[in-house]
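Please read the structure below before turning to the comments.
The values are calculated or read from the model by the stated rules, or taken from the named source; none is laboratory data. These numbers were taken from a predicted model, which means no experiment stands behind them. Note that we place each Cβ from the backbone using ideal geometry, even for glycine, and neighbour counts take in every protein chain shown. We work out accessible area using only protein heavy atoms, side chains counted, and drop any ligands, DNA or RNA first. Shrake-Rupley method; radii C 1.70, N 1.55, O 1.52, S 1.80 Å.
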Amino acid sequence: MSNIVLRTNKLTKRYKKNTALHAADMTIYEGDIYGIIGRNGAGKTTLMKIITGLTNATDGEFELFSKTGFAAEKERKRIGCLIENPAFFGNMTAYENLKYYAIQKGITNAGKIDEVLELVQLKDARDKKFKSFSLGMKQRLGIALALLDNPDLVILDEPINGLDPIGISQLRDTFHMLNKEQGLTLMISSHILSELYAVANRFVFVDKGHVIKELTKEELDLECQRCIVIRTEDVQKAVVILENQLDLTDFKVVNEKEIRIYADTIPSAGINKCMVDAGVSVSEIFESGITLEDYFKSLVEEA
């Protein structure tokens, strides 16, 4: 198991009568591209602001690079972030904008600016004024700013919002490169599940301030994969029938009342008949298989 980069415990943020984040538990491991999925106003930005120190939690705590409390706050220097839009100057070039922030951060290595510009594919635009940048270039310059301090964890809030397909594709390549070649752990939020699916290996779903599910990409694929769903009060007996009478092994017991069968060799009617003949009461049996967006909708409805 990889080292834990970030773990939250009942992290909560209240604004008077409004709870923006409610007892959020989540874990990010070293090397993850961790996708935070949620509608606008779900609590994604609030969570990121607490981790980066832009706001304080009302309750709960977080562990950062194996440190907690005040020690964890000191570890924030290992975080680079792009939350909301950074203030870049339109009449200054990409290089000049980053130099301005490098001076503020006390970074004396001038070569670092060209290094991060190259990482985000903006080296050829280093002397181009910011006001002439496309939206995708502006986002990449924001990511370059987040990389100036040599972070180990990069937090990006809605970086693909408003981009055209080419801009999204370019950012996707940038994320993969930073993760694989630079060894960075990434935490990326979006309300567009399909785009995060293309880059992330682990996901957390957030709605109305609540963490409603955390799972790996493999688990997400299983949740959305085409299958036959059986709901019964006698899951244990149903499993025996699937294995011994129907010779099926490609199935998953989801909970004490649900089984999902991924094999397509036997129709649902045949499975149902076998269950009924064996005295297993089946309350529901149906074929399932949904899109990523429909899966998110179903999670929200259940929550």
Please report, in cubic angstrom per residue, the volume enclosed by the convex hull of the alpha-carbon atoms of the range 163-293.
151
I'd like the distance separating the alpha-carbon centroids of the range 29-72 and the range 173-234, in whole Å.
17
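Hey, what number do you get for the chain at 222 nm if only DSSP H runs of n ≥ 4 count, each worth -39500 (n - 2.57), divided across all residues, to the nearest 500?
Working: 11 runs with 105 residues, N = 303.
Taking each H run of at least 4 residues, the total per residue is -10000 deg cm²/dmol.
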When only DSSP loop residues count, what trypsin sites (Lys or Arg not before Pro) in the range 7-87 have their Cβ near at most 13 other Cβ atoms within 10 Å?
Lys16, Lys17, Arg39
Suppose a student asked you for the relative contact order of the range 68-137, using Cα pairs under 8 Å spaced at least 6 residues apart; what percent would you report?
40
Expressed as a whole percentage, what fraction of the accessible surface of the range 60-145 belongs to carbon and sulfur atoms when a 1.4 Å probe is rolled over the protein heavy atoms?
49
The range 1-16 versus the range 89-117: alpha-carbon centroid distance in Å:
32
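Using only the Cα atoms, work out Rg/Rh for the range 52-135, with Rh taken as the Kirkwood radius, to two decimals.
Across the range 52-135, the Cα-based Rg/Rh ratio is 1.08.
How charged is the neighbourhood of Ile241? Take every other residue with its Cβ under 10 Å from the Cβ of Ile241, and add Lys/Arg as +1 and Asp/Glu as -1. Don't skip to the end; give the middle numbers.
Working: positive: Lys237; negative: Asp234, Glu243, Asp277.
Neighbourhood net charge equals -2.
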Check: the range 149-224 dipole with +1 on Lys, Arg Cβ and -1 on Asp, Glu Cβ, in debye
60
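Given the pairs Lys99/Lys208; Lys128/Lys217; Lys10/Lys74; Lys13/Lys213; Lys180/Lys257; Lys49/Lys217, which are separated by over 29 angstrom at their Cα positions? Provide the component values of the computation, followed by the final result.
On the way: Lys99/Lys208 39 Å; Lys128/Lys217 39 Å; Lys10/Lys74 21 Å; Lys13/Lys213 19 Å; Lys180/Lys257 41 Å; Lys49/Lys217 25 Å.
Table pairs above 29 Å Cα-Cα are Lys99/Lys208; Lys128/Lys217; Lys180/Lys257.
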DSSP-assigned coil residues among trypsin sites (Lys or Arg not before Pro) in the range 230-293, each with at most 16 further Cβ atoms within 10 Å:
Lys257
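What's the longest piece of the chain with no exposed GluC sites (Glu not before Pro), counting a site as exposed if DSSP puts it in a loop and it has at most 13 other beta carbons within 10 Å? It would help to have the intermediate numbers written out before the result.
Numbers: sites that count: Glu84, Glu181, Glu233, Glu256.
Longest run free of exposed loop sites: 85-180.
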